[in-house]
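The values are calculated or read from the model by the stated rules, or taken from the named source; none is laboratory data. Computed from a predicted structure; not experimentally measured. Every residue, glycine as well, gets a Cβ built from its backbone with ideal geometry; the counts of neighbours run over all protein chains shown. Quick note on the areas: whole protein, heavy atoms, side chains included, nothing else; ligands and nucleic acids left out. Shrake-Rupley method; radii C 1.70, N 1.55, O 1.52, S 1.80 Å.
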Amino acid sequence: MKAIIMAGGEGSRLRPLTCNLPKPMVPVANRPMMEYCVTLLKRSGIRDIGVTLRYLPEIILEHFGDGSDFGVKMRYFIEDTPLGTAGSVKNAAAFLDETFVVVSGDALTDIDLNKAVEFHRKRGAIATIVLTRVSCPLEYGVVITGEQGRIRQFMEKPGWGEVFSDTVNTGIYVLEPEVFDYLPAGRDFDFSKDLFPLLLKEKKPLYGHVVDGYWCDIGGLEAYLQAHRDILSGAVRVELAGKQVSPGVWVEEGALVHPDAELDGPVVLGKHTELGAGVSVGSFSVLGRGCTVQSGGSIKRSVVWDHCFIGRKAALRGAIVGNKVQIQAQAGVYEGAVIGDSSVIKERGLLKPGVKLWPYKTVDVGTTVYESLVWGNGMPQRLFGTEGICGMANLDITPEFVVRLGGCFGIVLGKGATIGVSSDVYPVAKMIKSALSSGLQSVGVRVTDFGEGTTPMHRFGVRAFGCSGGVHVLLSTQNPEKLRLVFTDAEGGNILRGAERKIEQAYYKEDFGRKTALGVHEVENLPGVPDAYLDHICAYGTDSIKKAGLKVVLLFEEANLGRFIPPLGQKLGLKFIYFNQAGPTGNPRRWYDYQETLPAFCRAVVENGADCGAVVDANADHLVLIDERGRIIQDDLFTAILALVALKQRGGPVVVPVTAPRAIDALAARYRAEVIRTKFTRQDLWRRATLAEAHEFLLQFDALAALVHILSFVTAQRTTLGELVDEVPTFFLTRREVPVSWEEKGTVIRKLIEEKPPQQMELIDGVKVFHPDGWALILPDPEEPVCRVFSEGASMEIAESLTDFYTQKIKEMLKE
């Protein structure tokens, strides 16, 4: 039997460790990680091995040669251009003339390959995916299997709303040569994204086999450290180099340990490494070959590669140190810091937690190198969340962070791009906007500054002034101690997840090129954008508003909206009655505070005989309407009103999020229109509404434009807001948050899916389960460790009972 090891990866998320080394050659416990793959194949009786190469192939070729030193026979297949996972294996098709196994050269595992091959042959499969279960499935291909292991559904690297299982693709496959009939030659083709969906579509025998045993995808630096902890604790069955000279202490030949040195296992010492007097090496530490640690040096929970020098009383804590690094006397390297090859930390130099030092760098005597902990305060290792990037102002979202982030966005949009920037009026947001502009300028893109305003103003500015994309910086109205950065595309919509991933990848690589002095452009300031935005939203269909002389009660944040709302009233002849109350000094009010004010606000609308009331958040993203009878129109009812207006004006389609009530389906049926349901995320709603040319639903993103649009309709039709509300069928919706840790979200969603047949479910976003008198949607939150339960019923009692039922079910799953 034959096997292929895929070993072409660059390992960008392992940088700076992989700047000079292909990812499969990164040492794990003093052996290149690919050696563990070769050993596993040999142990499984597979000795005829092909290897696909692309990045720095000569290093792998030199180490493994023809494979004879490892008891196997090895052949190599080098890609001139990237061919993808399946395309690289197609490159070796002439070699693979029988059933073969595909393994990844950068994963650590001890699973039984023979059992997987046996399963494959018994099922008569054309392809078998080896599966395992993980706590956080976001970075893997998620899989659902049916009876006998036949694959029903899978998705590559889902968002939390798309996670329908914790069962994931290990990147280990058992394949028949027949699969090559489905692989185009010389083209980029991926197993998970291209081949397996094709086989599923063609109804070919595609199976998944869940295995026991250890598996770890060493994708990032934390996983790299975890792999060492797992090896040293015995969680994975591999052979360690050297001899175990005392419990938990492995020492290779030629290593010298001073009698006064202290070793607290498990630890590994490489060949010819020397430890001086008073040296302390703590548990879960690995020192490579030819290292020297002078007297008083202290190493804990760290991985040190070959030929490193660690001076007197130097300290390492939770660090990773590349080859030929000098850490001189009394220097310190702390949690999560990574030092690239041949770097020098001089006496009393200090690397703060999380610092990454690229190869060949020098830190001068007594210098402290700072870098903010981007992942501090429990932020997930994804930059982007529900909408853009959110974090504590000046703690997570700092000038240093956004300078780099701006450079990444500029690199992703590319040469010749023009990026629009804006912020709200609050000082911290303006500071971050300035830093962001600097980062964008540093990579040579042009920056257009729209000034201070709202996200809807920003979206308009990007479109109106022909920008390639943009970023708006604002204080969160959910938590004014947090900042949010909203990234937009050329149409003003939120960038898609694919673009977010590219920015994240550029950020992880940290090697984007800065421009020389001549390549940096001046920021272009456009002071008239707020006025142009107001002219735009008042340009069409507003004559009826001007004639009506409507009376509107308003609650809004004067600091940020003062330059928008009074001029809007003047343009449209609206008589505004201001209900504003002073908010906290220097920050916008929380949206929760607006909600608490609603009862008194509703009374004010009725008492003043107003045509309606409007509550607008500080960024003009969210709108709550009050009809002339004092009824609240927000969230799902507001969506239904937008749908009704669209249906009356032009018919379908109607584009709404998956959480929208069935009342919208009833309205659409009345007008014989289609309902298109989208994911809960703003970018998906924007994209689907744009594609369907259902532009009214983009008003979900623009409170002031939505207000103008609805008032224009009711005045033109000589109706009232209350009469529109009367036309919407009654519905009963409830929602609740259930605490679910990041590690358990995938398990919860998988178990929910397994309980119901496919015809009773919808997997647009999260898991939507249909019941005779309603439905429940369980949606994992991408920013917080919670799942949200949305339920609709024929009565409020039924809706609440569904919410209670699924809340309790999730809690029971967590107990299990």
For the stretch 180-191, pairs from a residue that is touching a residue at least 12 places away in the same chain (Cβ under 8 Å) to a residue that is β-branched (Val, Ile, Thr) and crowded, with 18+ Cβ neighbours inside 10 Å, with Cβ under 7 Å and 6 or more apart or across chains, are ASP190/THR85; PHE191/THR85
Quick test for you: out of GLU596, GLU558, pick the one residue that is surrounded by fewer than 14 Cβ atoms within 10 Å (Cβ to Cβ) and of a type outside the set (S, T, N, Q).
GLU596
Could you run through the stretch 1-51 and say how many residues are assigned to a strand (DSSP E or B) and open to solvent by less than 10 Å² (accessible area, probe 1.4 Å)?
7
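Yes or no, residue by residue, for (1) modelled with pLDDT of 95 or more; (2) within 27 Å of TYR508 (Cβ to Cβ); (3) surrounded by fewer than 20 Cβ atoms within 10 Å (Cβ to Cβ):
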| position | (1), (2), (3) |
| --- | --- |
| GLY416 | no, yes, yes |
| SER434 | yes, yes, yes |
| VAL445 | yes, yes, no |
| GLY453 | yes, no, no |
| GLY461 | yes, no, no |
Please determine whether any residue of the stretch 250-272 is at pLDDT below 90, over 28 Å from the mean Cα position of the chain (by Cα) and under 26 Å from CYS308 (Cα atoms).
yes
Within the bounds of the stretch 613-620, is there any residue that is surrounded by fewer than 20 Cβ atoms within 10 Å (Cβ to Cβ) and not polar (S, T, N, Q)?
no
Closer than 11 Å to ALA29 by Cα, open to solvent by 50 Å² or more (accessible area, probe 1.4 Å) and among the aromatic types (Phe, Trp, Tyr): does that describe PHE309?
no
Take VAL101 and tell me if it is under 23 Å from ASN114 (Cα atoms), assigned to a strand (DSSP E or B) and open to solvent by less than 20 Å² (accessible area, probe 1.4 Å).
yes
Go over the candidates VAL748, VAL708 one by one and state the one that is closer than 27 Å to ASP617 by Cβ and not in a loop (DSSP other than H, G, I, E, B).
VAL708
For the stretch 211-234, which positions are over 24 Å from GLY322 (Cα atoms) and in contact with a helix residue (DSSP H, G or I) (Cβ under 8 Å, 6 or more places away or on another chain)?
VAL211, TYR214
Could you check, for the stretch 758-769, whether at least one of its residues is open to solvent by 30 Å² or more (accessible area, probe 1.4 Å), modelled with pLDDT under 95 and in a strand (DSSP E or B)?
yes
Among the residues of the stretch 590-612, is there at least one that is within 25 Å of ASP424 (Cβ to Cβ) and part of a loop (DSSP other than H, G, I, E, B)?
yes
For TYR334, work out the one condition from (1) open to solvent by 50 Å² or more (accessible area, probe 1.4 Å); (2) touching a residue at least 24 places away in the same chain (Cβ under 8 Å); (3) among the hydroxyl-bearing types (Ser, Thr, Tyr) it doesn't fulfil.
(2)
Pull up the stretch 460-500, narrow it to residues that are under 21 Å from the mean Cα position of the chain (by Cα) and hydroxyl-bearing (Ser, Thr, Tyr), then point me to the one that is farthest from ASP617 (Cα to Cα).
THR488
Got at least one residue in the stretch 537-552 being part of a strand (DSSP E or B), over 20 Å from GLY470 (Cβ atoms), at pLDDT 95 or above and not small (Gly, Ala, Ser)?
yes
Considering only strands (runs of 3 or more DSSP E) fully contained in the stretch 179-267, which possess at least 2 residues that are open to solvent by less than 40 Å² (accessible area, probe 1.4 Å)?
206-210, 215-217, 249-251
Taking the stretch 665-700 and keeping only residues that are at pLDDT 90 or above, open to solvent by less than 10 Å² (accessible area, probe 1.4 Å) and out of contact with any Lys or Arg (no Cβ under 9 Å at 6 or more places or on another chain), one is left with LEU667, ALA668
Any idea which residue in the stretch 392-409 is surrounded by the most Cβ atoms within 10 Å (Cβ to Cβ), counting only those that are part of a helix (DSSP H, G or I) and in contact (Cβ under 8 Å) with a residue 60 or more places away in the chain?
PHE409
Only residues that are open to solvent by less than 70 Å² (accessible area, probe 1.4 Å), modelled with pLDDT of 95 or more and assigned to a helix (DSSP H, G or I): list them for the stretch 516-531, please.
VAL529, PRO530
